[in-house]
1. Which residue is farthest from C121 (Cα to Cα), if the candidates are limited to region 192-208 and must be near the ligand (Cβ under 9 Å from one of its atoms) and of a type in the set (S, T, Y)?
2. Could you tell me whether any residue of region 246-266 is among the aromatic types (F, W, Y) and within 22 Å of V35 (Cβ to Cβ)?
3. Looking at the structure I just gave you, is A284 at pLDDT 95 or above and surrounded by fewer than 21 Cβ atoms within 10 Å (Cβ to Cβ)?
4. Exactly one of these conditions fails for A157: (1) surrounded by fewer than 23 Cβ atoms within 10 Å (Cβ to Cβ); (2) touching a residue at least 24 places away in the same chain (Cβ under 8 Å); (3) away from the ligand (no atom under 16 Å from the Cβ); (4) not acidic (D, E). Give me its number.
5. So A105 passes all but one of these: (1) surrounded by 21 or more Cβ atoms within 10 Å (Cβ to Cβ); (2) under 15 Å from D119 (Cβ atoms). Which condition number does it fail?
6. Which one is farthest from the ligand (Cβ to nearest atom) among residues in region 111-153 that are out of contact with any Leu (no Cβ under 9 Å at 6 or more places or on another chain) and of a type in the set (D, E, K, R)?
7. Cβ-Cβ below 6 Å, separation at least six or inter-chain, first residue in region 94-112 and in contact (Cβ under 8 Å) with a residue 24 or more places away in the chain and farther than 9 Å from A161 by Cβ, second surrounded by 12 or more Cβ atoms within 10 Å (Cβ to Cβ) and among the basic types (K, R): which pairs?
8. State which residue is farthest from the chain's Cα centre (by Cα) when the search covers only region 115-144 and only residues that are under 23 Å from V37 (Cβ atoms) and β-branched (V, I, T).
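The values are calculated or read from the model by the stated rules, or taken from the named source; none is laboratory data. None of the values given here were measured: they were computed from a predicted structure. Counting neighbours? That spans all protein chains shown, and the Cβs are built from the backbone with ideal geometry, glycine included.
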Amino acid sequence: MLRPVIRPRRLRQSPAMRAQTRELRVHPSELVLPVFVREGLNAPQEITSLPGIQQHTLDSLRGVVAEAAEAGVGGIMLFGVPEERDAIGSGATDPEGILNQAISAVAAEAGGALTVQADLCLDEFTDHGHCGVVDERGRVDNDATLQRYAEMAVVQAEAGAEIIGMSGMMDGQIAVAREALDAAGHEDAVLLAYSAKYASAFYGPFREAVDSQLQGDRRTYQMDPANRREGLREALLDVEEGADIVMVKPAMSYLDVLADVSAESIVPVWAYQVSGEYAMIVAAAQHGWIDRAGAVAESIVSIRRAGADAVLTYFAVEYARALRA
Ligand code: PBG
């Protein structure tokens, strides 16, 4: 009879033994909850494509902050859904715009219990749905967009954003935002660079969540899903430009990119478990095809294991509670 000398199963024999030899533990403070705030709503509204997730009013937002803080979640990432849109996304830089009002509301409610984070991108605010301004030939104009991002960064910091999530994938956006923030006296505002952001089908449900006006796609600025090396290049470039944190997005289909970036980065690395990743788990669980709690835990632990120090996820509150139970 074959008698193995080396027996890895030894460390799996009991819950206590497994707990003692587990390589990684997720902490609630490593989770960030993305939240949608919609202008002109009277009551929170369910997002069909993201069961369990709502578009919030400025008022219902306060309850979300309290709930997230209570669960120990580390931060809230805000997205605004304006009533009016135009070619340059004016609502993004209006201090009274929905996103900037939401930032102030969260900052007031959070009282330091969690970090106040805001998405910096024009897509929710433009009538064409692109992340930047469009030139007369219909192309997204990189450098003209940078001017808008610089303004937007300052307005968000003024409203109380502590972490600014640069998600537009324009070249040079980190350097430009850093310079504008510093010039305006906001040298403490943290820049989270969505460095390796892929043109992904997994953003599908998000488009409903923000009532996206986009026709076509974002492939001239978001990355090609086939490109691994380029993900590292984008992250290193952002670190050079002054990013405080770099991010890979989506998460689960890009764990190789995450591992690469994590191996090379000298700043924290985050990942975004996006709307489609959430929706797939929820939908399969609703059918009884997978166990929801198990899939949530496994997906997030996998993202941490691949190298993410923190994870943006719509499961943030649910999973934070499960971790504490
Ligand atoms: C851009 C932005 C998007 C997401 C986060 N920031 C949409 C896009 O790039 O098309 C997607 C997040 C998700 O799918 O959960 N403002």
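1. First, the residues of region 192-208 that are near the ligand (Cβ under 9 Å from one of its atoms): 194, 197, 199-200, 202-207.
After this cut, where a residue has to be of a type in the set (S, T, Y) as well, the list is 194, 200, 203.
Details: Y194: 11, S200: 16, Y203: 15 Å.
The residue in question is S200.
2. Kept after step one, since they are among the aromatic types (F, W, Y), are these residues of region 246-266: 254.
Within this subset, residues satisfying the condition of being within 22 Å of V35 (Cβ to Cβ) are none.
Checking region 246-266: not a single residue is among the aromatic types (F, W, Y) and within 22 Å of V35 (Cβ to Cβ).
3. Details: at pLDDT 95 or above: yes; surrounded by fewer than 21 Cβ atoms within 10 Å (Cβ to Cβ): yes.
Yes.
4. Among (1) surrounded by fewer than 23 Cβ atoms within 10 Å (Cβ to Cβ); (2) touching a residue at least 24 places away in the same chain (Cβ under 8 Å); (3) away from the ligand (no atom under 16 Å from the Cβ); (4) not acidic (D, E), the lone unmet condition for A157 is (1).
5. It fails just one condition, (2).
6. E136
7. E109/R62
8. First pass over region 115-144, keeping only residues under 23 Å from V37 (Cβ atoms): 115-132.
Narrowing the set further to residues that are β-branched (V, I, T) leaves 115-116, 126.
On the way: T115: 13, V116: 12, T126: 20 Å.
Step by step, filter region 115-144, then rank; the result is T126.
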